[in-house]
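Novice: Below you'll find the structure I mean.
The values are calculated or read from the model by the stated rules, or taken from the named source; none is laboratory data. No experiment lies behind these values; they were computed from the predicted model shown. As a convention, Cβ positions derive from the backbone with ideal geometry for all residues, glycine included, and neighbour counts pool all protein chains shown.
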Amino acid sequence: MPTVRPVLRLGLVLACVAAKSFAAMPAHAQDAVADFFRGKQIALYVGSSAGGGYDTYARLISRYFGNHIPGNPTVVVENMPGAGSNKAAGYIYSVAPKDGTAIAAVFPGALLDPLIGDVNVQHDPNKLIYVGNANRDVYICFLRSDAPAKTFQDTLRHEVILGASNAGGTTRDLPAMMNNLLGTKFRIVTGYAGSKEITLAIERNEVNGACGIGWTGLPTMHPDWFAKKLMNVIVQADIKGHPELNTMGVPLATQFAKTDEDRQVMELIESQGVFGRPYVMPPGVPPERVATLRQAFVETLNDPALRAEGDKMQLDLDYMSGDDLQALVAKLYALPPNIVARAKAALIYTPPP
């Protein structure tokens, strides 16, 4: 399932660019960065509970990240779930030290919430500093085989109950979008800390399924679900879809859009899958440390040992550099006002009658 080989070629290019950028730094600046990080501890805050996909990626990265940072600091993962990872984003933005020793792994919704969300947040994505993105995620909707709906078309006629985190998280926002733009009858139960808790609720039959959990790694964490057809993947909430799911004939949600403008709105909301696992720092981190950490992130994601471990865990490592992610966020925030307004409206959740 992993799709790391084509990405590796791109990653090597990015690594060379990052290395040249770091090498261009004066020697005294490089020494100062190494001196600063030597003996330090970097806190990597994960905006979800332990055991889920975001936590799995963060802990994999943490095992190698310090090896690629001058001074070889220790990287320690701390979970900070809450408010669709806006709690972690707000902490990084306002409270965490602005010296490069605090990084957060947040949901992509935390970057889009201030643009199209309906909740107040304590951070400005345009002022956050982006270290990089661990992978491109393909979000899916899946249901228990005994759910009232068997296909996506069935959800247009039959109500199904979905487990979700909170506003700002893909598990809440993507099904709300489909209710508003496509006419699905998803009843969303919020308040779960992360994907681990949602999947446990599905196993206990507290809810029928979920929409907005990434396909990456899900069959590994729950191998019996799909091998024994205990769960049905009914739709992909993604612009292009995952090659494996495309081969299986799982449709894209945008195929059911009623107008071109509806499709554009859906693509804006689904664009967060392009930066499925972003890593951010607070504004104010010294530029030379930003450059160093961005380079270290690229080198880490290209580390042969990390990639071998990722292969065994069946994790996609289709990452993005910090510079590219910074530019993408800025581009999203410059979209036409009418598309942004409609996207805002599409994320307002009203339970089915």
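Novice: Taking segment 316-338 only, how many residues are surrounded by fewer than 15 Cβ atoms within 10 Å (Cβ to Cβ), among the hydrophobic types (A, V, I, L, M, F, W, C) and over 19 Å from the mean Cα position of the chain (by Cα)?
Specialist: Number of matching residues: 1.
Novice: Would you say Ala105 is out of contact with any strand residue (DSSP E or B) (no Cβ under 6 Å at 6 or more places or on another chain), under 30 Å from His222 (Cα atoms) and of a type in the set (A, V, I, L, M)? So that I can check it myself, show each step before the final result.
Specialist: On the way: out of contact with any strand residue (DSSP E or B) (no Cβ under 6 Å at 6 or more places or on another chain): no; under 30 Å from His222 (Cα atoms): yes; of a type in the set (A, V, I, L, M): yes.
No.
Novice: Also, quick follow-up: If a residue must be of a type in the set (D, E, K, R), part of a helix (DSSP H, G or I) and either in contact (Cβ under 8 Å) with a residue 60 or more places away in the chain or buried (at least 18 other Cβ atoms within 10 Å of the Cβ) (or both), how many such residues does segment 28-85 contain?
Specialist: Residues in segment 28-85 being of a type in the set (D, E, K, R), part of a helix (DSSP H, G or I) and either in contact (Cβ under 8 Å) with a residue 60 or more places away in the chain or buried (at least 18 other Cβ atoms within 10 Å of the Cβ) (or both): 2 in total.
Novice: Something else: From the set of residues in segment 304-315 that are surrounded by fewer than 19 Cβ atoms within 10 Å (Cβ to Cβ) and not in a helix (DSSP H, G or I), which is modelled with the highest pLDDT? So that I can check it myself, show each step before the final result.
Specialist: First, pick out the residues of segment 304-315 that are surrounded by fewer than 19 Cβ atoms within 10 Å (Cβ to Cβ): 304-305, 308-309, 311-314.
Next, from what is left, pick out any that are not in a helix (DSSP H, G or I): 313-314.
Numbers: Met313: 88, Gln314: 81.
Among those that are surrounded by fewer than 19 Cβ atoms within 10 Å (Cβ to Cβ) and not in a helix (DSSP H, G or I), it is Met313.
Novice: Answer with yes or no whether Lys127 is outside any helix (DSSP H, G or I), under 30 Å from Val75 (Cβ atoms) and either touching a helix residue (DSSP H, G or I) at 6+ places or on another chain (Cβ under 6 Å) or not hydroxyl-bearing (Ser, Thr, Tyr) (or both).
Specialist: Yes, satisfied.
Novice: Could you run through segment 316-328 and say how many residues are farther than 11 Å from Gly132 by Cβ and either assigned to a loop (DSSP other than H, G, I, E, B) or in contact with a helix residue (DSSP H, G or I) (Cβ under 6 Å, 6 or more places away or on another chain) (or both)?
Specialist: 3
Novice: Right, next: So which of Leu181, Leu174, Leu200 ends up being surrounded by fewer than 24 Cβ atoms within 10 Å (Cβ to Cβ) and not aromatic (Phe, Trp, Tyr)? Spell out the reasoning first.
Specialist: Working: Leu181 fails: surrounded by fewer than 24 Cβ atoms within 10 Å (Cβ to Cβ); Leu174 fails: surrounded by fewer than 24 Cβ atoms within 10 Å (Cβ to Cβ).
It is Leu200.
Novice: I would also like to ask the following. Conditions first: (1) in a strand (DSSP E or B); (2) surrounded by fewer than 22 Cβ atoms within 10 Å (Cβ to Cβ); (3) not aromatic (Phe, Trp, Tyr); (4) not assigned by TED's automatic domain parsing to the domain that holds Pro286. Asp154 passes all but one, so which condition is the exception?
Specialist: Only one criterion in (1) in a strand (DSSP E or B); (2) surrounded by fewer than 22 Cβ atoms within 10 Å (Cβ to Cβ); (3) not aromatic (Phe, Trp, Tyr); (4) not assigned by TED's automatic domain parsing to the domain that holds Pro286 is unmet by Asp154, namely (1).
Novice: Please verify whether segment 278-292 includes one or more residues that are closer than 24 Å to Ala176 by Cα, surrounded by 15 or more Cβ atoms within 10 Å (Cβ to Cβ) and not basic (Lys, Arg).
Specialist: Yes, there is a match, as at least one residue in segment 278-292 is closer than 24 Å to Ala176 by Cα, surrounded by 15 or more Cβ atoms within 10 Å (Cβ to Cβ) and not basic (Lys, Arg).
Novice: Could you tell me which of the residues Val95, Val131 is within 15 Å of the chain's Cα centre (by Cα), more than 25 Å from Lys196 (Cα to Cα) and either β-branched (Val, Ile, Thr) or crowded, with 21+ Cβ neighbours inside 10 Å (or both)? Reasoning before the result, please.
Specialist: On the way: Val95 fails: within 15 Å of the chain's Cα centre (by Cα).
On inspection, the qualifying residue turns out to be Val131.
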